[in-house]
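Here's the structure, in structure tokens; my notes come after.
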Amino acid sequence: SEPRGGFSLVVTLPAGWSSRAVAARAGELGVWVLPGPVMSVTGRDDVVRVAYAAVGGERLEAGMARLLTALTPGRGVLPLV
């Protein structure tokens, strides 16, 4: 979906991916995202929250590029749970 505004995005991950693994991998690249279980009362592990209100321009572009690198399958297998 395309957001209409706001201060963050909730990104749904592909089936079988762990938001905790994605958050750990992104953190290794200097990007911090919130894994689903931290913000979900049900422990949902298939989403990450990407907050972007405090940055913009080149910093935001660089951060999103790093996040995409973290999501690239070629970096190794992500744990299923």
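The values are calculated or read from the model by the stated rules, or taken from the named source; none is laboratory data. Bear in mind that the values here come from a model prediction, so they are computed numbers and not experimental data. Please note: Cβ atoms are built from the backbone with ideal geometry, for glycine as well, and neighbour counts cover all protein chains shown. Each accessible area value is taken on the protein alone, full model and side chains, heavy atoms only, with ligands, DNA and RNA left out. Shrake-Rupley method; radii C 1.70, N 1.55, O 1.52, S 1.80 Å.
In table form, for the structure just shown:
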{"read-out": "Positions within region 1-28 being out of contact with any Leu (no Cβ under 8 Å at 6 or more places or on another chain), aliphatic (A, V, I, L, M) and closer than 13 Å to ARG66 by Cα, in sequence order", "value": "ALA24"}
{"read-out": "Cross-chain or 6+ apart pairs with Cβ under 7 Å, region 40-68 first and in a strand (DSSP E or B), then among the polar types (S, T, N, Q)", "value": "VAL47/THR12; VAL47/SER19; VAL48/SER19; ARG49/SER8; VAL50/SER8; ALA51/SER8"}
{"read-out": "Within region 36-51, tally of residues that are under 21 Å from GLY5 (Cα atoms) and open to solvent by less than 50 Å² (accessible area, probe 1.4 Å)", "value": "4"}
{"read-out": "Hits in region 1-34 - residues which are open to solvent by 100 Å² or more (accessible area, probe 1.4 Å) and either without any contact (Cβ under 8 Å) to a residue 12 or more places away in the chain or among the polar types (S, T, N, Q) (or both)", "value": "SER1, GLU2, ARG4, TRP32"}
{"read-out": "Candidate set from region 12-59 (those that are touching a strand residue (DSSP E or B) at 6+ places or on another chain (Cβ under 9 Å) and farther than 22 Å from THR72 by Cα); member that is modelled with the lowest pLDDT", "value": "ALA53"}
